[in-house]
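I am attaching a structure below and will ask some questions about it afterwards.
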Amino acid sequence: MVALISEAFLSSPYCLMELGGAWVTEKPTCPVIVPPLGQNEVVRKIGNIQYLTLGDSEDVDKLFADLSDQIREHASISVKMSNLTRAVGDFKAKYSEIISDLSGYGRVQPLNAGSRTGGEVAEEVSSDEAKAPIAPGGTAIEAELYGVSAGNLSIEQTQYNTEVFGEATNNNSAHKTAILTATFYGNSGKIVGRANGIASDIGPGQTNSFTLTSVKPITDYVRYSLQFDSIF
């Protein structure tokens, strides 16, 4: 499974569920970070696992080499070196178009050897603007499902999205992974946005931090709720 991890991927509960399901069932996975998304943001969202990136020419070479090795190992198919070299060349020639389509950020610079396009996207706003109350009156918001509980929430606004930070505790005797959604409501009770994320591989009796991320900033809300979409 090749997971192309963009901001849209991190905001999709379905994409996160498929990736989490692949981990739980021990399917071979190849997570690839799509610029301009940075590794630090991905680690905050789905954990510190081994990622590939598409930041420069060397990254592209490594990606195709690793994919070739995995295809040979798991599918018993050998990729001819001439075909691999041609595929790498075609990808590099269309790099800016491919990354623009995958990231949704519009045209990016062509790929030059040694130049990196990756890095942290989110530029933090001032600390006064970044903090938001957990709920009106300071009431803690928590959720619990199938022996997994979540709480200790806080919100931060970045230039590009809204992030909900929290902790999930596993009260079961087996490892659990949870998909969560924070839903934001306006004055009229209408939903004005959602933030999604995953608390991955929580050990029995352990507490892991998680980050939920929205597709764009959510500023016109008066309250929000937290829910589990899936636990496996």
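The values are calculated or read from the model by the stated rules, or taken from the named source; none is laboratory data. Note that the coordinates shown come from a computational prediction; the quantities given were computed from them, not determined experimentally. Positions of Cβ are generated from backbone atoms using ideal geometry, with glycine treated the same way; all protein chains shown enter the neighbour counts.
Please find, among Gly47, Gly20, the residue that is within 23 Å of Val215 (Cβ to Cβ), modelled with pLDDT of 75 or more and not polar (S, T, N, Q).
On the way: Gly47 fails: modelled with pLDDT of 75 or more.
Answer to the selection: Gly20.
OK, next. Among the residues of the stretch 188-200, is there at least one that is over 25 Å from Ile5 (Cα atoms), free of Cβ contacts under 8 Å to residues at least 24 places away in the same chain and part of a strand (DSSP E or B)?
Applying the first criterion (over 25 Å from Ile5 (Cα atoms)) to the stretch 188-200 yields 188-191.
Filter again for free of Cβ contacts under 8 Å to residues at least 24 places away in the same chain, leaving 188-191.
Okay, now just the ones that are also part of a strand (DSSP E or B), so 191.
Looking for residues that are over 25 Å from Ile5 (Cα atoms), free of Cβ contacts under 8 Å to residues at least 24 places away in the same chain and part of a strand (DSSP E or B), one finds at least one in the stretch 188-200, hence yes.
Determine whether the stretch 122-136 contains at least one residue that is β-branched (Val, Ile, Thr) and either within 22 Å of Leu4 (Cβ to Cβ) or at pLDDT 75 or above (or both). Before the answer, list the steps.
To start, the set of residues in the stretch 122-136 that are β-branched (Val, Ile, Thr) comprises 125, 134.
Restricting the remaining residues to those that are either within 22 Å of Leu4 (Cβ to Cβ) or at pLDDT 75 or above (or both) gives none.
No, the conditions are met nowhere in the stretch 122-136.
Looking only at the stretch 175-187, count how many residues are in a loop (DSSP other than H, G, I, E, B) and either over 17 Å from Glu144 (Cα atoms) or hydroxyl-bearing (Ser, Thr, Tyr) (or both). Quick ask: steps written out before the conclusion?
We begin by selecting, within the stretch 175-187, every residue in a loop (DSSP other than H, G, I, E, B); these are 175, 186-187.
Now drop any that are not either over 17 Å from Glu144 (Cα atoms) or hydroxyl-bearing (Ser, Thr, Tyr) (or both), which leaves 186-187.
The qualifying residues number 2.
Same structure, new question: Filter the stretch 9-67 for residues that are surrounded by fewer than 19 Cβ atoms within 10 Å (Cβ to Cβ), more than 30 Å from Gly193 (Cβ to Cβ) and among the β-branched types (Val, Ile, Thr) and give the result.
Result: Thr25, single match.
Please determine whether any residue of the stretch 77-91 is under 20 Å from Pro35 (Cβ atoms), modelled with pLDDT of 80 or more and either touching a strand residue (DSSP E or B) at 6+ places or on another chain (Cβ under 9 Å) or of a type in the set (Asp, Glu) (or both).
The answer is yes, given that some residue of the stretch 77-91 is under 20 Å from Pro35 (Cβ atoms), modelled with pLDDT of 80 or more and either touching a strand residue (DSSP E or B) at 6+ places or on another chain (Cβ under 9 Å) or of a type in the set (Asp, Glu) (or both).
Are any residues in the stretch 22-54 out of contact with any His (no Cβ under 7 Å at 6 or more places or on another chain), in contact (Cβ under 8 Å) with a residue 40 or more places away in the chain and over 18 Å from Ala8 (Cα atoms), and if so, which ones? Give the steps one after another, and end with the answer.
Our first condition is that a residue be out of contact with any His (no Cβ under 7 Å at 6 or more places or on another chain); within the stretch 22-54, this holds for 22-27, 29-54.
Remaining after also requiring in contact (Cβ under 8 Å) with a residue 40 or more places away in the chain: 23-24, 30, 33-41, 44-47, 51, 53-54.
Hits for the stretch 22-54 are Trp23, Val24.
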